[in-house]
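Working notes, beginning with the structure itself.
The values are calculated or read from the model by the stated rules, or taken from the named source; none is laboratory data. From a predicted model like this one, the values you see are computed outputs, not experimental measurements. Note that we place each Cβ from the backbone using ideal geometry, even for glycine, and neighbour counts take in every protein chain shown.
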Amino acid sequence: MRVVACIPLDEGESVAVEAAGVSAVWVNGQGLPKPWGISSEDGQPKFRLAPGECLAYGQNPDGYTNVSLDVELRNDWPYSFAIRSPHWGKHGTRNHSGTFCVRQSVGQTTVVTVPQQAAVVTPAICRQLLDAAEKE
């Protein structure tokens, strides 16, 4: 599965990755366990991503501790993917994140990025986005 978080193309410079992970979005007070995350080990050089480069779900660069709970991503559920840097970037943030939905069936995985203008993301919205993507 290649769910990714990417550094914006207009960031201007490469970004050091302090930590990254995938978390379920809380919906109506219901959350799910965090399925995956990494964090840099003390004293190790930080993995860097250039503008436009991405980090994939489950990727564990050298020098990082992998925190994987061996939890399957739930179909049609909204998740967030975040990369945290130890330094402030061009956009005044140390976090690069996005929201996505995933659906797995026999031999096929569909992943859609939720548009940034969506204020609240629910499983119903994920179903609509995934249904539309699978029809294309």
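If I ask for residues that are under 18 Å from Phe81 (Cβ atoms), over 15 Å from the mean Cα position of the chain (by Cα) and part of a strand (DSSP E or B), which ones from region 104-134 would you list? Passing the criteria: Gln104, Thr109.
Mind telling me which of the residues Pro115, Pro33, Pro123 ends up being free of Cβ contacts under 8 Å to residues at least 60 places away in the same chain and out of contact with any Leu (no Cβ under 7 Å at 6 or more places or on another chain)? Selected residue: Pro115, the only one of Pro115, Pro33, Pro123 that is free of Cβ contacts under 8 Å to residues at least 60 places away in the same chain and out of contact with any Leu (no Cβ under 7 Å at 6 or more places or on another chain).
Residue by residue, here is whether (1) free of Cβ contacts under 8 Å to residues at least 40 places away in the same chain; (2) more than 18 Å from Thr109 (Cα to Cα) holds:
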position: Glu18; (1), (2): no, yes
position: Ala24; (1), (2): no, no
position: Gln44; (1), (2): yes, yes
position: Tyr57; (1), (2): no, no
position: Val71; (1), (2): yes, no
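Can you confirm whether Val102 is of a type in the set (Val, Ile, Thr), touching a residue at least 60 places away in the same chain (Cβ under 8 Å), in contact with a Leu (Cβ under 9 Å, 6 or more places away or on another chain) and at negative phi? Yes, satisfied. Confirm whether Gln116 is closer than 12 Å to Val17 by Cβ and either in contact with an Asp or Glu (Cβ under 7 Å, 6 or more places away or on another chain) or surrounded by fewer than 14 Cβ atoms within 10 Å (Cβ to Cβ) (or both). So Gln116 fails the test. Screening Phe81 on (1) among the aromatic types (Phe, Trp, Tyr); (2) in contact with a Phe, Trp or Tyr (Cβ under 9 Å, 6 or more places away or on another chain); (3) assigned to a loop (DSSP other than H, G, I, E, B) shows it passes everything except condition (3). Residues considered: Asp76, Asp62, Asp70. Of these, the only one that is surrounded by fewer than 17 Cβ atoms within 10 Å (Cβ to Cβ), more than 11 Å from the chain's Cα centre (by Cα), at pLDDT 80 or above and not aromatic (Phe, Trp, Tyr) is Asp62. Given the criteria among the β-branched types (Val, Ile, Thr) and touching a helix residue (DSSP H, G or I) at 6+ places or on another chain (Cβ under 6 Å), does Thr99 qualify? Spelling it out, it is not the case that Thr99 is among the β-branched types (Val, Ile, Thr) and touching a helix residue (DSSP H, G or I) at 6+ places or on another chain (Cβ under 6 Å).
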